[in-house]
Each structure stands twice: as C-alpha cells, then as structure tokens.
Amino acid sequence: MATVRLVALALVLSAAPLAAHDMWIEPSSFVPETGKVVGLRLRVGQDFLGDPIPRDPELIDQFISVDSSGRKPVYGRDGTDPAGLVRVTDPGVVVFGYQSRPKPIVLPATTFNQYLKEEGLDAIAELRERRHQTSSDAREVFERCAKSLVRYGTPADAQADRVLGLTLELVAERNPYTLHAGQDLPVSLTYQGLPLPGALVVAMNRAKPMAKIMARTDSKGRVTFRLPEDGVWLIKAVHMIPAPDGTNADWASFWGSLTFELKSSATGVAAK
Amino acid sequence: MKFAIWRILAAISLCSASSFAHEIGTTRVSVVFQQGASYEIEVVTDAAALADKLQAVSGQAPQSDKTLQVQLQNYDEVFRRRLTIAFDGIVVTPEIDYSVSGTATETSAPVATIRMSGAIPPGAHEFAWTYSWTFATYSLSVREPGGDNETTEWLEGGQASTPISLVSPRRPLSRTAIAGRYLALGFTHIVPYGLDHMLFVLGIFLLSRRLRQVLAQVSAFTVAHSITLALSIYGIVSVSPKVVEPLIAVSIAYVAIENIFMSELKPWRVALVFAFGLLHGMGFAGALKELGLPRSEFVTALVTFNMGVESGQLAVIGAAFLLVGWYCGRRPWYRRIVVVPASMMIACTAVYWTVQRLSF
C-alpha cells in the first residue's frame, strides 16, 4: 500500500497560476433530503477554487447519474450554470459522472514542463526529455472524468461508489458517507477499466485546500487516504499518454476527480 | 486499443471554431469608450467563486457573516492586484463599484457586476487589459469608439488582451473615392512604376508617327489587356508570373527590334500587339491582386484601375509626341537619329530583362 504523505503547500494562487486546472463536480448539497432538487455545478480551477462551467453539449460525452434504480442521463439547460439539475426520490448514495469529449490545448514549453511536474507526470517528462522536446510547445488533448457522490436522505443500506466506466476513474472503495474523520478511505484508480499503478493522487479539503494529501497508487492502482477532517473533499488524479497517431496532438491527458462530503456527525448509516 | 481516436478527431473539429484553451466559463467583460474621453468596463462573474478566490489570496479569515457584495467591497485592494487596465502601456487606476444580484439556490448563483471607470489619458492610442480572477476562458467585448461594431476576444485568466486601438476605424470609402484611388493606382502602375510597360508603349509609338497607325496599335493593346486583366481577376485565366513576366520582356524586345527593321505598320503587327496586350493584361492583374480589390466595389475598382493604366499609357505617348515626335517626326533623320537608336536601347533593356526574369 502506498504511503500517505501530508504536504502543505505555501503557494496561494501564486502570481503565475498553475499551468493546468482541475475539473470537478460541486453539487449544491452533498446530503440533500430525498425529493429535493440538486444543482450539479461543474468547476474548473485549482486548490478547490473554481469557476463555474456552464453546460456545453459540445463538450459532454456522458453526464449521468447512477443509483440502485440504474443509469440515467443528467439533464440541464445548455449554456447555464449549474450544468445539471437532478431530483432523487429514493434514499441512497447516487453517483454522478461527467465525461467530456477531448478538447485540444496548446501550451508553451515551460508551462507544459511545469504542469508535468505539478501533476507528478514524471514518465511523460522523461519521455519528453528522451525525445529532446523539453523546449517545444506541447499540443495536448484533454478529457475530463469527474465524479461526485451525493447521499439522499437517510439510507438504511448504503451502497458505496460505483464504477461508471469513465476513461480515467477514481472509485471510493468504502462509502465515504459511513466514514468518520480520521478513518481510512481506500480509493482505486483505473484507466480504461484497468488498475493504474504509480499515479499521483491528491486529496484536499474545501476548507483547507492548501493542506494537500498526496500518494502514489500501488501496483493494484490503489491508494488509501486517512481523511483528517470533516468537510467537502476533492480527490484528483491526472494521467497522460502520448497521443495516438493521426490526432494532431502530442499528448492526451485524462483528468479524474471525485467529490464527496465527510460528515462524522451524520445520522446516516453507522460507520463500519 | 480502446482509446478512441475518433473522439480526439471530433474534439479537434469542434474546437476549431473557438479556442485551444480551457473550458469557457461564465465570466464576461465588456468595454465601452465614451467619446475618447472616458472608459467603462463591466465584469460580470460568479460572485461566490470570486469572493472565495479573493479570500484565499488575501490570506484573511473568511467573512461568511457578510453579504457577498460587502465581501467584494472589502477585498477591493486584493481585487485590484490581479487586474491591469493600461493605455499606451501606462497602467491606470479605475474607480470600481461592486454589486451582487441574485441569491444562491440549487438552480442559481449570485452574480457579481463590477463596474470600472475612469478617464482615458489624453492622446492615448491603445488600450490593453489583463484579468487574472478566472480559471476558465472568458470573453472580452469592446465596442469600437464611435461605431456600432463590437469585437470579442476569448482570453484565459491572466492572459493579456490584444492591444485595442482607440483611434476611430476608417469609414468605408465611397464609390467615388474608390474610383479615384484605383484610377491613380492604375496610372502610377505605368508612370512612374511600370518602366517595362512604358518602354512597350514607346515601342508602339516609335514605329510610326501616323496617328492612325499609333491608334490602331494602342486600341488593339487596350482591348487585349482589358480582356486578360478581367479574366485573371475573376480567376478564369491563371498563368504564373514566372511565365508572364519574361514574356512581357520578350514582347518589348520584339516590338523594339521590329521597329529597327520595319518602318510601316503591317497587319500582323496589330495582331502581335494584341497578343502582347493579352500578356500585359495578366501582368496588370498580378499587380492589382497585390494591391487588393475592395469586395464592395469590385467592378468599380477593376474598371477604374484599367482606365488608370490606359491614361498612363496615353500620357507616355503624349509626352513622347511632345518631346520628340512633334518637332522631329517630319525630319528626314527622325528614323536614323531617334527611332533606331531608341529602339535599340529599348531592345537591349528588354533582352536584359528577359534573361533576368527567366533566372529568378
């Protein structure tokens, strides 16, 4: 099992913002009552500070909700924030997933090198060095693979996270809504359905986004985080591969994220 | 490989219209210049997202007990740190007014409208803008001073805008103005810039002093070059300048050499001049394409350019007649002293051009 390190970063929205931005789903409530409408806001940013992204049908590959009743599309009004609106009538944990279509971006060499470093994409940095590309601009296509766990009502039985089949997917292997602060949350990371070993996974709390917890996945693509505090959590990972031939890009990246709320005092299902 | 290439290809096609950038967010910035004296900039953005960022950068404790509008007002100094408004590279400090409307619900979010205003420094030419309070792509719309046109640029947070000119854009030219302009362009394409065309026309003039013979040649030449000028401009005929330019030089050499051996207009000479006119017309078309034709007054420009070319040629003939033809034309030595040496000089120059144009 990979070791968990606590890393506090002193940088606060530094003068030169991070080269690459995370993307995550921020529901209007993580623990709504059954029958209530929840707005699913898509956010792009860093350090849990994000800008809303309105619903763009051109970008959406899949925007879905999955619960015990099955898989359904998430609806919303194009061009508006929140990008998705849902109402769930049965108690339980609902998994929301957003998979974007690939979007191209061109980054200057220094920005791209910096971003590889920040996201722990060491293998790609080495590959670029071997190819003598460290001073060339990078043409990249990126895909967003965001998930969010929302608990409706007070479920008697708590189904944990589910596998949605996103290209890059973080899966909470225990139900966070049954956890207390200080307990371990094992998380698996898959790329195209297969475990992704050696990838950097970062967890941050909305209230203290600078106190990041980072770990690399083990050979089974798994990390375990001991989440020290209650609050809204974002777990994220980035994977990159050389872009396939004929794509007019050098690199293809995949941005996985998982959001949920840790509520030790919750009256829901007792912690196991 | 499960990795679907078509998805990436699809992405490239769908993004070709906009940007190679991040996702487009909800922030919109609009700029209006008031009669070159003052500016007004309005930023519309998600109020809570902005307040969160301001709080993080300020390093202060969250002010969650205060309304978003008060929070934004309190962070005024922080907000100004990541904002640049500059005229001719000189940063100005705007008045800023913050207001927030709407409330946070499941389906909506409060919106901040930030109005910045101030005076434009006298004599300023350019406006530049940088805004670093968004992680998403945003739009900057600028209403041109004195015009109804609005230009929109998509920018990343922290990215400097393309400098925006404060000078009023030129009004579209009237038909008369375009006609005058292309008439002048056509004329100057012959006098003084078109030495090769001038020599060709002189060659025509030197053959015979008889008005009828000059007119016959000039008319054939004019009709011919008008035809190919129009056909080339409309793209019906297309011959590479690499072919046309050396042939123009050959045509000048031919006319000049013929002048040395011939003193009367033969019918084939008119036919040849017509054929050469076709060549020169393609040359004029090349020049006109380089100058560009206004889309709105395409025909006006084409016709007036041709008329300009024509007047240039007539001016050359007129000047030649006044200088030598009028006085020397009837002298017995006119051919020996004027026509032959001048034609020889023209021929030599044209042969030199032919070689030069073939080798480049």
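Just one of (1) closer than 30 Å to B:THR84 by Cβ; (2) in contact with a Leu (Cβ under 9 Å, 6 or more places away or on another chain) fails for B:ARG210. It is (1). Determine whether A:THR217 is away from chain B (no Cβ under 12 Å), within 17 Å of the chain's Cα centre (by Cα), of a type in the set (S, T, N, Q) and farther than 20 Å from A:VAL31 by Cα. Yes: the conditions hold for A:THR217. Selection of the stretch B:113-133 for residues being assigned to a strand (DSSP E or B) and closer than 21 Å to B:GLU153 by Cα yields B:THR113, B:ILE114, B:ARG115, B:MET116, B:SER117, B:GLU126, B:PHE127, B:ALA128, B:TRP129, B:THR130, B:TYR131. Residues that are within 14 Å of chain B (Cβ to nearest Cβ), modelled with pLDDT of 90 or more and buried (at least 19 other Cβ atoms within 10 Å of the Cβ) occur at least once in the stretch A:185-195.
The residues of the stretch A:27-56 that are within 17 Å of B:TYR138 (Cα to Cα) and part of a strand (DSSP E or B), listed by number, are A:LEU42, A:ARG43, A:VAL44, A:GLY45, A:GLN46, A:LEU49, A:GLY50, A:ASP51, A:PRO52, A:ILE53. Scanning the stretch A:51-76 for residues that are of a type in the set (S, T, N, Q) and out of contact with any Pro (no Cβ under 9 Å at 6 or more places or on another chain) yields A:SER68, A:SER69.
One residue stands out in the stretch A:57-80 among those that are under 15 Å from A:ARG101 (Cα atoms) and assigned to a strand (DSSP E or B): the one that is farthest from the other protein chains (Cβ to nearest Cβ), namely A:ILE64.
From the list B:ALA61, B:ALA56, B:ALA49, the one residue that fits, being within 11 Å of chain A (Cβ to nearest Cβ) and either in contact with a Leu (Cβ under 6 Å, 6 or more places away or on another chain) or open to solvent by 20 Å² or more (accessible area, probe 1.4 Å) (or both), is B:ALA56.
Exactly one residue out of B:ILE252, B:ILE248 is within 11 Å of B:GLY283 (Cα to Cα), of a type in the set (A, V, I, L, M, F, W, C) and open to solvent by less than 30 Å² (accessible area, probe 1.4 Å), and it is B:ILE248. Of all the residues in the stretch A:25-70, those that are under 19 Å from A:PHE260 (Cβ atoms) and over 18 Å from the mean Cα position of the chain (by Cα) number 8. The single condition among (1) more than 10 Å from chain B (Cβ to nearest Cβ); (2) open to solvent by 10 Å² or more (accessible area, probe 1.4 Å) that A:PRO54 does not satisfy is (1). Listed by position, the strands (runs of 3 or more DSSP E) contained in the stretch A:99-195 that have at least 2 residues being aromatic (Phe, Trp, Tyr) are A:138-152. The set of residues from the stretch A:125-163 being open to solvent by 10 Å² or more (accessible area, probe 1.4 Å) and aliphatic (A, V, I, L, M) comprises A:ALA125, A:LEU127, A:ALA156, A:ALA158, A:ALA160, A:VAL163.
Has the stretch A:99-107 got at least one residue that is over 26 Å from A:VAL163 (Cα atoms) and either at pLDDT 90 or above or open to solvent by 30 Å² or more (accessible area, probe 1.4 Å) (or both)? There is at least one residue in the stretch A:99-107 that is over 26 Å from A:VAL163 (Cα atoms) and either at pLDDT 90 or above or open to solvent by 30 Å² or more (accessible area, probe 1.4 Å) (or both). Taking the conditions exactly as written (in contact with a Lys or Arg (Cβ under 9 Å, 6 or more places away or on another chain), of a type outside the set (Val, Ile, Thr), crowded, with 20+ Cβ neighbours inside 10 Å and away from chain B (no Cβ under 14 Å)), does A:LEU179 satisfy them or not? Against the criterion (in contact with a Lys or Arg (Cβ under 9 Å, 6 or more places away or on another chain), of a type outside the set (Val, Ile, Thr), crowded, with 20+ Cβ neighbours inside 10 Å and away from chain B (no Cβ under 14 Å)), A:LEU179 qualifies.
Counting only residues that are in a loop (DSSP other than H, G, I, E, B), over 24 Å from B:GLN55 (Cβ atoms) and not charged (D, E, K, R), the stretch A:196-229 holds 7 of them.
Pairs linking a residue in the stretch B:89-115 that is within 14 Å of another protein chain (Cβ to nearest Cβ) to a residue that is among the basic types (Lys, Arg) and open to solvent by 70 Å² or more (accessible area, probe 1.4 Å), with Cβ atoms under 7 Å and 6 or more positions apart or on different chains, do not occur.
Figure legend. Inter-residue proximity from the stretch A:112-129: first residues of a type in the set (Phe, Trp, Tyr), second residues open to solvent by less than 80 Å² (accessible area, probe 1.4 Å) and not in a helix (DSSP H, G or I), beta-carbon distance below 6 Å, spacing 6+ or different chains. Indicated pairs: A:PHE112/A:ALA138; A:TYR115/A:ALA19; A:TYR115/A:ALA20. Condition first: aliphatic (A, V, I, L, M) and more than 38 Å from the chain's Cα centre (by Cα). Now tell me which residues in the stretch B:234-290 satisfy that. Within the stretch B:234-290, B:ALA256, B:ILE257, B:ILE260, B:MET262, B:LEU265, B:VAL270, B:ALA271 qualify.
The values are calculated or read from the model by the stated rules, or taken from the named source; none is laboratory data. Because the structure is a prediction, the values reported are computed rather than measured. Methodologically, a virtual Cβ is constructed for each residue, glycine included, from the backbone with ideal geometry; neighbour enumeration extends over all protein chains shown. What goes into the accessible areas is simple: the full protein's heavy atoms, side chains included, and nothing from ligands, DNA or RNA. Shrake-Rupley method; radii C 1.70, N 1.55, O 1.52, S 1.80 Å.
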